[in-house]
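Everything on this sheet refers to the single structure shown next.
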Amino acid sequence: MPWKGENDPYKIWLSEIILQQTRVEQGWAYYERFIRTYPNIHLLANAKENEVFKLWEGLGYYNRCRNLLFTAKYIVKALNGIFPNNYEDLLKLKGVGPYTAAAIASFAYNLPHAVVDGNVFRVFARYYGIHLPTDTKEGLVIFNKIASENLAFKKAGIYNQALMDFGATVCKPMSPLCGSCVMQNTCAAFAQNTVGQLPIKLKVIQKKKRYFDYFLFKLNGKLWIQKRGQGDIWAGLYQFYLVENDKIVTADNAYYQQVLNNQLMIDLKEVKITKESKIYQQQLTHQLLTFRFFTIELKKMPKAFEKGAWVSAKNLQKFAFPKTINSFLNELND
DNA sequence: AAAGCGGGGAT
DNA sequence: ATCCCAGCTTT
């Protein structure tokens with residue numbers, strides 16, 4: 001892996017935050033851009049939030065980005081720029097949980113803390129034939145215990161990395177390479193032919209369907225955008241005026257009347273509705289989103305748009321948007 | 001303890 | 001389609 005031998009806690013922290021629930025192949029280019037843009041924690045701490053989000057754009061789980069910036073500021077201001085150097089203090093950082101604290105502690109300081117991530121659950125579940133679910137408290141306690149017992153105390157950093165490498169390249173979720181695995185002789189799951197069933201997860205996520213109609217309000221060549229708040233998907237990203245419905249609504253005059261006139265006090269005679277886009281869909285882990293985009297050309301400033309910002313088409317690219325909004329914008333420009 | 005949070009790649 | 005990814009925070 002590219003970061004082997006790295007012991008700068010800032011770089012390790014940054015890479016671990018980026019790689020939470022994210023494949024190395026997907027996250028690595030982001031890591032390199034972050035390091036190039038913010039080579040040290042002071043530069044990151046002093047960065048503008050919108051710039052950091054723009055750099056994170058497309059990577060998902062945007063609260064990681066928010067916490068990243070918060071923690072950088074915290075370390076610079078409250079800790080004089082000195083990175084915490086032990087597990088307990090690392091764990092106190094926003095966005096740093098048990099896995100990331102163990103990773104930083106062992107990679108940067110070679111402290112004896114075992115990482116427990118998706119790879120580790122899988123390797124140990126199979127090797128020891130553990131059928132306890134990994135996503136229950138009981139299972140978590142057992143897997144943490146096993147991980148600690150197996151840890152090479154004096155070589156924690158390299159051991160942790162080797163274990164995860166093994167999980168990522170040999171003991172893979174699908175089509176593991178049991179045939180060439182050096183652990184085959186002593187692997188419980190291999191002996192019992194249960195490799196394909198392990199590890200066991202209980203949670204079944206059911207997808208919620210949501211319908212987003214975005215209205216692009218245009219005035220004097222500028223578009224109205226708004227920052228999404230906390231408590232929903234895409235917190236901290238920008239969007240256009242959003243109307244969410246629980247089903248597809250026919251885009252007729254009555255709908256425009258309701259949205260533009262009833263909600264926003266805009267006279268329908270004062271606007272030109274130029275486009276209703278095709279339907280876009282986006283699959284999240286827990287939601288299925290359906291989008292439509294409408295472009296509304298205004299003649300005067302509606303009162304409802306005092307909050308938010310009017311930006312030129314050119315300046316749109318300075319703001320971070322959800323993937324589908326960017327897809328729509330890119331197709332507009334084609 | 002359970003739910004919520006993105007986007008991409010492999011199967 | 002389904003699974004899962006070098007998980008964490010909030011409720």
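For this structure, a couple of remarks:
- Per-residue 3J(HN,Hα) values for segment A:117-131, derived from phi via the Karplus relation 6.51 cos²θ - 1.76 cosθ + 1.60 with θ = phi - 60°, read 10, x, 5, 5, 3, 5, 4, 6, 4, 6, 4, 9, x, 8, 9 Hz in sequence order (x marks Gly and Pro).
- The largest accessible area among A:Val311, A:Val182 belongs to the first residue in A:Val182, A:Val311, and the rest follow in falling order (1.4 Å probe, all chains).
- Theoretical FRET efficiency, 1/(1+(r/R0)^6), r = Cβ-Cβ of A:Lys94 and A:Asn333, R0 35 Å, to 0.05: 0.40
- Summary of packing: across the peptides A:274-282, A:189-197, the per-residue average of other C-beta atoms within 10 Å ranks them, highest first, as A:189-197, A:274-282.
- Shape of segment A:208-333, Cα gyration tensor, a/c cut at 1.5: oblate
- Distance from the alpha carbon centroid of segment A:66-95 to that of segment A:204-242 works out to 31 angstrom.
- Backbone HN-Hα couplings from phi across segment A:87-100 [Karplus 6.51/-1.76/1.60, Hz, Gly and Pro as x]: 4, 4, 6, 4, 5, 6, 5, 5, x, 10, x, x, 4, 5
- Summary of the geometry: segment A:292-334 and segment A:249-280, compared by the centres of their Cα atoms, lie 16 Å apart.
- Residues whose amide H falls under 5 Å from that of A:Tyr241, counting only those 5 or more places apart or on a different chain, are A:Phe215, A:Phe217, with hydrogens built in the peptide plane.
- Computed over the alpha carbons of chain A, Rg followed by Dmax gives 24.4, 78 Å.
- Taken one residue at a time, the phi angles of segment A:162-172 give Karplus couplings (6.51, -1.76, 1.60, θ = phi - 60°) of 5, 4, 6, 4, 4, x, 7, 10, 10, 8, 6 Hz. Gly and Pro are set to x.
- Inter-label distance for A:Met183 and A:Gln283, nm, one decimal - labels placed 7 Å from Cα along Cα-to-Cβ: 3.0 nm
- A:Ala235-A:Leu132 pseudo-label distance in nm [points 7 Å out on the Cα-to-Cβ vector]: 3.1 nm
- Computed extension gain for A:Lys314 through A:Ala254, at 0.36 nm per residue and net of the alpha carbon distance, reaches 18.3 nm.
- Calculated mean residue ellipticity at 222 nm for chain A: -11000 deg cm²/dmol, from DSSP H runs with n ≥ 4 weighted as -39500 (n - 2.57), summed, divided by the residue count and rounded to 500.
- Model label sites at A:Gln20 and A:Lys247, defined 7 Å from Cα along the beta-carbon direction, differ in position by 3.9 nm.
- Accessible area ranking (1.4 Å probe, heavy atoms, ligands and nucleic acids excluded), largest first, for A:Arg36, A:Arg228, A:Arg66: A:Arg36, A:Arg66, A:Arg228.
- Full extension of the chain between A:Lys48 and A:Lys154 yields a length gain of 34.1 nm, computed as 0.36 nm times the residue separation minus the alpha carbon distance.
The values are calculated or read from the model by the stated rules, or taken from the named source; none is laboratory data. Since the model is a prediction, treat every value here as computed from it, not as a measurement. As a convention, Cβ positions derive from the backbone with ideal geometry for all residues, glycine included, and neighbour counts pool all protein chains shown. Ligands, DNA and RNA are excluded from the accessible area calculation, which covers all protein heavy atoms including side chains. Shrake-Rupley method; radii C 1.70, N 1.55, O 1.52, S 1.80 Å.
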